[in-house]
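What follows is a single structure, written as structure tokens, with notes after it.
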Amino acid sequence: METLLLSRIQFAANISFHILFPTITIALGWVLLFFKVRYNQTRQERWMEAYRFWVKIFALSFALGVVSGITMSFQFGTNWPGFMEKVGNIAGPLLAYEIMTAFFLEAVFLGIMLFGFSRVPNWLHTTATFLVAFGTMMSAFWIIVLNSWMHTPQGFEMIDGVAHATDWWAIIFNPSMPYRFAHMVLASFLTVSFLIAGISAFRWLIGGRTEGVRVALKTAVYAAALLIPLQILLGDFHGLNTKEYQPAKVAAMEGNWETDTGVPLVLFALPDEEARENRFEIAIPKLASFILTHDWNGEVKGLNDFIGENGEVLHPPVNPVFWSFRVMVGTGLLMLLVSWGASAMMLRKSRGVEGLPKPVLYVLVGMSFSGWVATLAGWYTTEIGRQPWLVQGVMSTKEAVADVPAPMVLSTLIAYLAVYAVLMVAYISVIFYLARRMSRGERIDPKTPQSEAAVARAVPAE
Amino acid sequence: MNTFGDPTVWLPFVFAALMGVSILIYVVLDGFDLGVGILFPFADDNEKDRMIASIGPFWDANETWLVLAVGLLLVAFPAAHGEILTALYLPVTIMLIGLILRGVAFEFRAKAPAPYKDAWNTAFFAGSLMTSLSQGFMLGMYIMGLEWSWAHAGFGLLTAVFLTVGYSFIGATWVIHKTDEYLQRKAVDWAKGGIWGLVLGIAAISLATPYVSDRIFDKWFSWPSFLYLSPLPILSGMLVVWLWWMLRRMPFYGDRRSWLPFAAATALWVMAFGGMAYSFYPYVVPEKLTIYDAASAPESLFIILMGTCIVLPTIMAYTVLAYTIFRGKATELRYD
Ligand code: HDD
Ligand code: HEM
Ligand code: HEM
């Protein structure tokens, strides 16, 4: 395989691994703040119990997010030097602001949040929790600004083949940024809701029926039920925005080859890029036109419009975009079904968690990491849908790649993948391990006296 | 040309200085916590826990200085960033994997089931070692002008070992400050055992740099500058002697001045680093690309500078806050 393809795979692998953890920490920070504030208000021990368990998961996820993020900041230089050379004047300040406003804030106050409970006044500890949550949100904001600018660039001019900023306001508030940021933040909250619901259901099932588990499970399921319709609505708006600025991406998402009116919504098909048609198509007539133009007979652009004069293909590869989009939407619909179903059962006769039959609890456990699936699928739709462009209409991915020998990229890729595989197994099994120990009523701190002290400091108010 | 009026002159200089300061802060701060990791095999289980407790609240923020340094290289000197990082592709990857291993080991060693704790301790050590070896190697390669050859790689291996021992030295001085009793005395021994890495490392780099480049040779050994610069090696030498003298007598009665070795070690780093910065200026890719050729457009640098002026003091302030909150011996860091 050549360097370009390997570099793309390496970048995709690294960022996919990275994004998993911010997806959890962005929302979990706020959830912890919520638990903490509820405790400050009510002084009910169950809020603190929930806090204490989830702060551990937070610390773990944060560490993974930080180390994989450090990898990301080197990736631009090692694999995509052309990117910064061409659009560095725009990408640079955005990344700099992320580092300065977000990373230091998180990193410093994380120490105080985790280890400072006994050393600082309660208000400062709560403030530190807030600042960490705020910092993760800021990280997400700046990086999404940059990413969205790559999809819908504006506010710059090209001088001698290098982009120069002309209007920072336009760069930051580029057309797709508000949608992408909101959709990402909601994705994070949904991911965390299902994670908390799933792990709490697991603890409930194996007999850890404490008050802390009860409130966490209830909070999480209701939050999911509230947020998922919003997410679907936002997803729809996001798609409309994309149709305006990146019609080729939408055509690939819909698996629509010919520009036409009254286009059907394809539910299932095997897009065939050789023959340029769908096989085994199952579709609902006119629905795609209706969703995308709000008119049953509206016109929707097809992939065949994006063929260059010499026959080169200017639209993204169809299959990955088509399928990852379906995985995301499918997961979203499943989330809707499960969270509404579970909420209805809990609300019926106000039976709360006792109203959930065993199979439903099992389903919740199974969906613990469903947020990850939808998020990754969503990002794959977005990023692969931008190809062959790296910055839409400004530079292609090919232009940016480093001139590093392919075997080097391949061997480092294998090393990364091996490390990630180990860490993934360790991460998920440690979460379930901690959950099991909590359910058995064991302290989940290590036994040696010193680390007891070290870890106890991570456990405020016990 | 008016030097301070022309933004294409003073902006790159300011950013080079900022980048230098971040790298310096990074090697001191992450230097000590990497060093603690390198010393791990010499400690028993209880000591390991205390050593971890001494760096637990800081390591994440310490590593962020690396992100800032690379970030500044990336945003202020994009052309150099690409050139340097593609030339150092392999050591960078090794460093990143090292950083991943040690970063997660902090968490996993405390949370994973007991039988795995040893494995994560090993990962913590291995990660720290990989990180410092590869950083030392990159330093050597950078000095050699980023050209791959057997001789240069050999020099890189040499600096890799020296930097690693140097980190273990500064790590030991940190442990002296943060612990007491048996572990503290042990750390004094570690420091005595590690000081040679620092001395040889500084010596090797000081000898090699002027040897590789005539330009640097002239900068140091032409007449008046030789005079102005002479305090640098003399002071460093005196510091080393003083450190050695102090370490032979430590710990002092009532644990007084336990912070001095760390401070002295830091001063040594600062001087060594200052010397290197003097040698390489104005180049960012040695002998190939100056900071003025590699810089981004002034309007972009200006936007970043505005933010930096506000944000950097804030970062300093809350870094100080964190170190104040967690001052004192690591064992005192108990919950309740
Ligand atoms: C829990 C996660 C989650 C869920 C349930 C959904 N999404 Fe999503 N989606 C994301 C998480 C996500 C994401 C990972 O966060 C993306 C990638 C980039 C972005 O901004 O959000 C995304 C991208 C994304 C895009 C690509 C836009 C572009 O970049 O051009 C569209 C059109 C939608 N979504 C639409 C939907 C629809 C119609 C959903 C209905 C069920 C839906 N999403 C559910
Ligand atoms: C600011 C944020 C981001 C930036 C600057 C960015 C940048 C890039 C770059 C440089 C590429 C080129 C490599 C390629 O085409 O393969 C790329 C592709 C890719 N990115 Fe992103 N990305 C960002 C966010 C994300 C996120 C959050 C994900 C989530 C998982 C992601 C997933 C991918 C994937 C899967 C590809 C590969 C596309 C392909 O192979 O065709 N990206 N992105
Ligand atoms: C190419 C793109 C990216 C780069 C270069 C990058 C870089 C980094 C770095 C260096 C860190 C560690 C910060 C520290 O030391 O504390 C980090 C953490 C983080 N990143 Fe990324 N990142 C990228 C993509 C993303 C995306 C797409 C998101 C979210 C939408 C994101 C959200 C976060 C968050 C919230 C953190 C905080 C730490 C954590 O939660 O684990 N990043 N990132």
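The values are calculated or read from the model by the stated rules, or taken from the named source; none is laboratory data. Because the structure is predicted, anything quoted here is derived from the model rather than measured. Backbone-built Cβ (ideal geometry, glycine too); neighbour counts: all protein chains shown.
Residues in region A:231-290 that are charged (D, E, K, R) and within 16 Å of ligand 1 (Cβ to nearest atom): 5 in all.
For A:PHE173, indicate whether it is under 30 Å from B:THR324 (Cβ atoms) and not hydroxyl-bearing (Ser, Thr, Tyr). Give the steps one after another, and end with the answer.
Numbers: under 30 Å from B:THR324 (Cβ atoms): no; not hydroxyl-bearing (Ser, Thr, Tyr): yes.
No: the conditions fail for A:PHE173.
Filtering region A:136-170 down to residues that are within 30 Å of A:TYR51 (Cβ to Cβ), within 13 Å of chain B (Cβ to nearest Cβ) and free of Cβ contacts under 8 Å to residues at least 60 places away in the same chain, which residue is farthest from ligand 1 (Cβ to nearest atom)? Only one residue fits best here, namely A:MET138.
How many residues, within region A:389-413, are more than 13 Å from chain B (Cβ to nearest Cβ), assigned to a loop (DSSP other than H, G, I, E, B) and exposed (fewer than 15 other Cβ atoms within 10 Å of the Cβ)? Let's see the steps before the verdict.
Applying the first criterion (more than 13 Å from chain B (Cβ to nearest Cβ)) to region A:389-413 yields A:389-398.
Then drop every residue that is not assigned to a loop (DSSP other than H, G, I, E, B), which leaves A:392-394.
Filter again for exposed (fewer than 15 other Cβ atoms within 10 Å of the Cβ), leaving A:393.
Selection size over region A:389-413: 1.
Within region B:31-42, not a single residue is in a helix (DSSP H, G or I), surrounded by 24 or more Cβ atoms within 10 Å (Cβ to Cβ) and without any contact (Cβ under 8 Å) to a residue 12 or more places away in the chain. When region A:422-443 is filtered for residues that are among the small types (Gly, Ala, Ser) and touching a residue at least 12 places away in the same chain (Cβ under 8 Å), the ones remaining, listed by number, are A:ALA435, A:SER439, A:GLY441. Scoring A:THR331 on the criteria (1) more than 15 Å from A:ALA197 (Cβ to Cβ); (2) among the polar types (S, T, N, Q); (3) within 16 Å of ligand 1 (Cβ to nearest atom) leaves a single failure, condition (1).
Regarding region B:282-298, can at least one residue be identified that is part of a helix (DSSP H, G or I), surrounded by fewer than 17 Cβ atoms within 10 Å (Cβ to Cβ) and among the aliphatic types (A, V, I, L, M)?
Pass one, region B:282-298, residues part of a helix (DSSP H, G or I): B:291-294, B:298.
Pick out the ones that are also surrounded by fewer than 17 Cβ atoms within 10 Å (Cβ to Cβ) and you get B:292-293.
Checking which are among the aliphatic types (A, V, I, L, M) leaves us with none.
No, there is no match, as no residue in region B:282-298 is part of a helix (DSSP H, G or I), surrounded by fewer than 17 Cβ atoms within 10 Å (Cβ to Cβ) and among the aliphatic types (A, V, I, L, M).
Screening the candidates A:LEU234, A:LEU217, A:LEU227 for the property of being assigned to a helix (DSSP H, G or I), within 20 Å of A:GLY371 (Cβ to Cβ), within 16 Å of ligand 3 (Cβ to nearest atom) and in contact (Cβ under 8 Å) with a residue 24 or more places away in the chain yields one hit, A:LEU234. If you check A:VAL409, A:VAL419 for being in contact (Cβ under 8 Å) with a residue 40 or more places away in the chain and either among the hydrophobic types (A, V, I, L, M, F, W, C) or within 16 Å of ligand 2 (Cβ to nearest atom) (or both), only one passes: A:VAL409. Does region A:341-368 hold any residues that are surrounded by fewer than 16 Cβ atoms within 10 Å (Cβ to Cβ) and among the hydrophobic types (A, V, I, L, M, F, W, C), and which are they? Answer for region A:341-368, where residues must be surrounded by fewer than 16 Cβ atoms within 10 Å (Cβ to Cβ) and among the hydrophobic types (A, V, I, L, M, F, W, C): A:ALA344, A:LEU347.
When residues in region A:273-302 are screened for being out of contact with any Asp or Glu (no Cβ under 8 Å at 6 or more places or on another chain) and either under 13 Å from A:ALA252 (Cβ atoms) or in a loop (DSSP other than H, G, I, E, B) (or both), 12 of them pass. In summary, A:TYR380 fulfils each of the numbered conditions (1) within 16 Å of ligand 3 (Cβ to nearest atom); (2) surrounded by 20 or more Cβ atoms within 10 Å (Cβ to Cβ) with the single exception of condition (2).
Filtering region A:187-214 to residues that are assigned to a helix (DSSP H, G or I) and either among the hydroxyl-bearing types (Ser, Thr, Tyr) or in contact with a His (Cβ under 6 Å, 6 or more places away or on another chain) (or both) leaves A:SER188, A:THR191, A:SER193, A:SER200.
Tally time: how many residues in region B:82-93 are touching a residue at least 40 places away in the same chain (Cβ under 8 Å) and surrounded by 24 or more Cβ atoms within 10 Å (Cβ to Cβ)? Quick ask: steps written out before the conclusion?
The first filter runs over region B:82-93 and keeps only residues touching a residue at least 40 places away in the same chain (Cβ under 8 Å), leaving B:83-84, B:87-88, B:91-92.
Keeping just the survivors that are surrounded by 24 or more Cβ atoms within 10 Å (Cβ to Cβ) gives B:84.
Here the count works out to 1.
Of note, A:THR71 satisfies the criterion of being more than 16 Å from ligand 1 (Cβ to nearest atom) and hydroxyl-bearing (Ser, Thr, Tyr). On the basis of being hydroxyl-bearing (Ser, Thr, Tyr), surrounded by fewer than 24 Cβ atoms within 10 Å (Cβ to Cβ) and under 27 Å from B:ALA76 (Cα atoms), does A:SER68 make the cut? When the stated conditions are applied, A:SER68 does not pass them.
Select from region A:119-135 the residues that are assigned to a helix (DSSP H, G or I) and within 12 Å of chain B (Cβ to nearest Cβ) and write down the one among them that is nearest to the chain's Cα centre (by Cα).
Initial filter on region A:119-135 (assigned to a helix (DSSP H, G or I)): A:122-135.
Subsequent filtering for residues that are within 12 Å of chain B (Cβ to nearest Cβ) retains A:124-125, A:127-128, A:131-132, A:135.
Values: A:LEU124: 30, A:HIS125: 28, A:THR127: 26, A:ALA128: 24, A:LEU131: 21, A:VAL132: 18, A:GLY135: 16 Å.
Selected residue: A:GLY135.
Restricting the first member to region A:35-57 and to residues that are within 18 Å of A:LEU110 (Cα to Cα), and the second to residues that are crowded, with 21+ Cβ neighbours inside 10 Å and of a type in the set (Lys, Arg), the beta-carbon pairs closer than 7 Å and six or more apart or on different chains are A:TYR51/A:LYS36; A:LYS56/B:LYS111. Test B:PHE106 against the stated conditions and say whether it is farther than 30 Å from A:VAL425 by Cβ and assigned to a helix (DSSP H, G or I). Spelling it out, it is not the case that B:PHE106 is farther than 30 Å from A:VAL425 by Cβ and assigned to a helix (DSSP H, G or I). Screening A:TYR420, A:TYR433, A:TYR416 for residues that are more than 8 Å from chain B (Cβ to nearest Cβ) and either part of a helix (DSSP H, G or I) or at pLDDT below 90 (or both) leaves exactly one candidate, A:TYR420.
Looking only at residues in region A:157-173 that are more than 30 Å from A:ALA223 (Cα to Cα), assigned to a loop (DSSP other than H, G, I, E, B) and not β-branched (Val, Ile, Thr), which one is farthest from ligand 2 (Cβ to nearest atom)? Result: A:ASP160.
Where helices (runs of 4 or more DSSP H) fall entirely within region A:1-118, those with at least 2 residues that are more than 10 Å from chain B (Cβ to nearest Cβ) are at A:3-42, A:45-79. Per the conditions (1) part of a helix (DSSP H, G or I); (2) over 17 Å from the mean Cα position of the chain (by Cα); (3) of a type outside the set (Ser, Thr, Tyr), the sole criterion not satisfied by B:LEU146 is (1). Counting residues in region B:97-113 that are more than 7 Å from chain A (Cβ to nearest Cβ), closer than 24 Å to B:ALA160 by Cα and of a type in the set (Val, Ile, Thr) gives zero. Of the candidates A:LEU314, A:LEU303, the single residue that is touching a residue at least 60 places away in the same chain (Cβ under 8 Å), closer than 15 Å to A:PRO247 by Cβ and more than 16 Å from ligand 3 (Cβ to nearest atom) is A:LEU314.
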